[in-house]
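Below you'll find the structure, written out as structure tokens, and then a few comments.
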Amino acid sequence: MPNPKTNKEMITQLIGRLVEKSPTQVVIDCNGVGYLVHISLHTYSQLSSDENIKLFTHLQVKEDSHTLFGFFSTIERAVFQQLISVSGIGASTARTMLSSLEPQQIQRAIVSEDLATIKSVKGIGLKTAQRVLIELKDKMLNLFEGEEIQAFSNNTIKEEALSALEVLGYSRKQSEKVIDNVIQSSPDSSVEALIKAALNKL
């Protein structure tokens, strides 16, 4: 029987022509061969109407099937691969997570030990969510570069600033974009500085 590890590394990306597209799967024509690739809603939302497409892939090998999963970015694929390494999370559950939350939101929730966010995903119970946080916190930190680690470790400050802006009448969705930009440019900002900067831009 072929070594599954070798098979998983056989196909790591596909570049070709987009033949079919739905929120859960695409068909890519690579030199006359059509590959059926399962995708998340996150990847679907990133795909343009351009015919040419590039997806980073993960090949899941089982005794009775070989299933290709495709991702718009290497970060999304890395998050997926970390998730399926946890007992109790299969490929379909990991894809559901990446359809409910963006890769960065999953990373943020794990790094900041936000159990409620992980548990909010359909199919993930309390014990599995706890396992995700315990097993993946350090691994998720390693996926970040320095500035991003700083930004996510400041997650509490960000939440406080968002809550304050909500009280002041600004929508959370609108505020979050502005605050993320402020954190990116000034990772060491205090709560007060974040709120003031956001108020100038909202």
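The values are calculated or read from the model by the stated rules, or taken from the named source; none is laboratory data. Because the structure is predicted, anything quoted here is derived from the model rather than measured. Quick reminder, even Gly has a Cβ in these numbers, built from the backbone with ideal geometry, and neighbours come from all protein chains shown.
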Residue check: is Thr12 surrounded by 13 or more Cβ atoms within 10 Å (Cβ to Cβ) and farther than 25 Å from Arg131 by Cα?
-> no
Does Thr43 fit the bill of being assigned by TED's automatic domain parsing to the domain that holds Ile118, crowded, with 18+ Cβ neighbours inside 10 Å and on the phi < 0 side of the Ramachandran plot?
-> no
Output yes when any residue across the stretch 59-77 is assigned to a loop (DSSP other than H, G, I, E, B), modelled with pLDDT of 90 or more and crowded, with 18+ Cβ neighbours inside 10 Å, and no when none is.
-> yes
Residues of the stretch 108-129 satisfying the condition of being more than 27 Å from Thr24 (Cα to Cα) and either surrounded by 21 or more Cβ atoms within 10 Å (Cβ to Cβ) or modelled with pLDDT of 95 or more (or both) | Val111
Does the stretch 84-107 hold any residues that are of a type outside the set (Val, Ile, Thr), assigned to a helix (DSSP H, G or I) and crowded, with 20+ Cβ neighbours inside 10 Å, and which are they?
-> Ala94, Arg95, Met97, Leu98, Pro103, Gln107
Checked the stretch 108-126 for anything outside any helix (DSSP H, G or I) and touching a Phe, Trp or Tyr at 6+ places or on another chain (Cβ under 9 Å); matches are Ser112
